[in-house]
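Peer 1: Attaching a single structure in structure tokens format; questions to follow.
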Amino acid sequence: MNHAKSPEPSAKKFDVGGQAVMEGVMMRSPNATAVTVRRPDGTMVTKLTPFVPLKEKHPWMGKPFIRGIINMGTMLYYGMNTLQDSTTMLGLLDEEPSKFEKWLAKKLGKGIDKIVMAMAIVLAVLLSLGLFMALPAGIESLLKGTGMSAVGYTLIGGLVKILLLVAYMFLVGFVPDVRRTFQYHGAEHKSVHCQESGLPLTPENAQTFSRLHPRCGTAFLLIVFLISITLFLVLNILLPISNFFLRLLFHLAMLPIVAGISYEVLMGLAHSNSKGACILRTPGMQMQRLTTREPDASMLECAIVSVNVVLNGFPEGTPKTPEGWGIFHAYQESEPGYVRPAPQEELVPDSES
């Protein structure tokens, strides 16, 4: 069996990260993304998309605090696009649309898949704003109206946000499809750990690592909530706002600042091995137990294929779909330098004399 070579030293100078998608994993390097999904027939298909980082086009976007704001926006943008890519690669959008869907697509001048994705994004944003911002802001306004101190209603509002986040993650984990996605999330973390360790990228090696990772988006969300509580606590003391809608707008306006600070905190904790950093990142790490599950070997294979392709590209001779996606039957086929066996010629029996 061909084992993956240890990553080159240059490959370890940057962080490799990603996300779980429908029946697969996306991995991202500084200049490319690779999405790998496993189709119902067992084959894996991978879409490799090169890109130029915004900080290379606009250096100011890579400055501390600003890069956190930019990262939040690009994470949302690429996250939605990646989910759409995975559903397309699995063929989930190939069903014949209904008459209403055809009429809607004709009126809007867009494909039905783009309409569905746009509606999903709008609903997700509205749900997030209502659940994690409007509801806590309303509770804070009510408590303020009772004469409660700024410290009291801010801490209670922040606690409500965290409890809602934990409850949401806990409950969605019971949905079978979401649970499988959480398994792929665990596969992503284990494969990144394995790549960072320098060990050969194999399902057996990856399985030995933790499914928790300090750079996870789940940890980022918790840090965002904690930073927002601290920031709003100070601002509510200095600038108390009674009107609910003004409070909501104020929270929305402060979100980029909170994201910028939270990103720097996350990166600082993730890249430090000090005892203090380990203690501070423990809540975010433990919270990942809600959004990750132990993956099986086939899920780890998908994650490993994405890591290999995003770091090294497609091996020479990789078969492709008409769309240009690489086709793999085993993770070894994605290893750098993999040589595909020559096709065997069909043996023709000698004719009898």
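Peer 1: For LEU142 and LEU76, what does the FRET efficiency come to when R0 = 25 Å and r is the distance between their Cβ atoms, rounded to the nearest 0.05?
Peer 2: On the way: r = 31 Å, r/R0 = 1.22.
For LEU142 and LEU76, the calculated efficiency is 0.25.
Peer 1: Starting from the Cα of LEU54, move 7 Å in the Cα-to-Cβ direction to define the label point; list residues of segment 259-280 whose amide nitrogen is under 12 Å from there.
Peer 2: From segment 259-280, the list is 260.
Peer 1: Average the reciprocal distances over every distinct pair of alpha-carbons in segment 211-353, invert the result, and give the Kirkwood radius in Å.
Peer 2: About 20.2 Å for segment 211-353.
Peer 1: Size of the dipole of segment 9-334 about the Cα centre, Lys and Arg at +1 and Asp and Glu at -1 on the beta carbon, nothing else charged, in debye to 20?
Peer 2: On the way: 29 positive and 22 negative charges, 189 e Å.
Around 900 debye, computed over segment 9-334.
Peer 1: Listed here are the pairs LYS47/LYS190; LYS63/LYS320; LYS57/LYS161; LYS190/LYS275; LYS63/LYS144; LYS161/LYS275; which of them are more than 31 Å apart at the Cα? Mind dumping the intermediate values first?
Peer 2: Values: LYS47/LYS190 21 Å; LYS63/LYS320 39 Å; LYS57/LYS161 36 Å; LYS190/LYS275 23 Å; LYS63/LYS144 38 Å; LYS161/LYS275 28 Å.
Violating the 31 Å limit, Cα to Cα: LYS63/LYS320; LYS57/LYS161; LYS63/LYS144.
Peer 1: Send over the Kirkwood Rh of segment 9-334, from the inverse of the averaged 1/r over different Cα pairs, rounded to one decimal Å. Spell out each step's value before the answer.
Peer 2: On the way: mean 1/r = 0.0465 Å⁻¹.
It is 21.5 Å.
Peer 1: Hey, another quick one. Positive end of the charge dipole of segment 9-334 (Lys, Arg +1 and Asp, Glu -1 on Cβ, about the Cα centre): tell me which of ASN205, VAL122, PHE65 has its Cα farthest that way.
Peer 2: Sorting the options by dipole projection puts first PHE65.
Peer 1: Fully extended, how many nm does the chain gain between ASP41 and VAL339 (0.36 nm per residue separation, minus their Cα-Cα distance)? List each step's numbers first, then the result.
Peer 2: Working: separation 298, 0.36 × 298 = 107.28 nm, distance 2.36 nm.
Between ASP41 and VAL339, full extension yields an extra 104.9 nm.
Peer 1: State, to one decimal in nm, how far the label point of VAL178 lies from the label point of LYS63, with both points 7 Å from Cα in the Cβ direction.
Peer 2: 4.0 nm
Peer 1: Extension gain ALA277-LEU163, at 0.36 nm per residue separation less the Cα-Cα distance, in nm?
Peer 2: Numbers: separation 114, 0.36 × 114 = 41.04 nm, distance 2.39 nm.
Full extension of this stretch gives 38.7 nm more.
Peer 1: Then there is this: Kindly state, as a whole number, the per residue volume in cubic angstrom of the convex hull around the alpha carbon atoms of segment 115-217. The partial results should precede the final answer.
Peer 2: Numbers: hull volume 14.9 nm³, N = 103.
Given the Cα convex hull of segment 115-217, per-residue volume reads 145 Å³.
Peer 1: Here is a further query. Let's see if you can work this out: charge +1 on each Lys and Arg Cβ, -1 on each Asp and Glu Cβ, no other charges. What is the dipole magnitude of segment 200-326 about its Cα centre, in debye to the nearest 20?
Peer 2: Values: 8 positive and 7 negative charges, 112 e Å.
Dipole of segment 200-326, to the nearest 20 debye: 540 debye.
All of the numbers you see were taken from the coordinates with simple rules; none came from a lab. For clarity, every value in this text was computed on a predicted model and none was experimentally measured. FYI the Cβ positions are ideal-geometry reconstructions off the backbone, even for glycines, and counts take in every protein chain you see.
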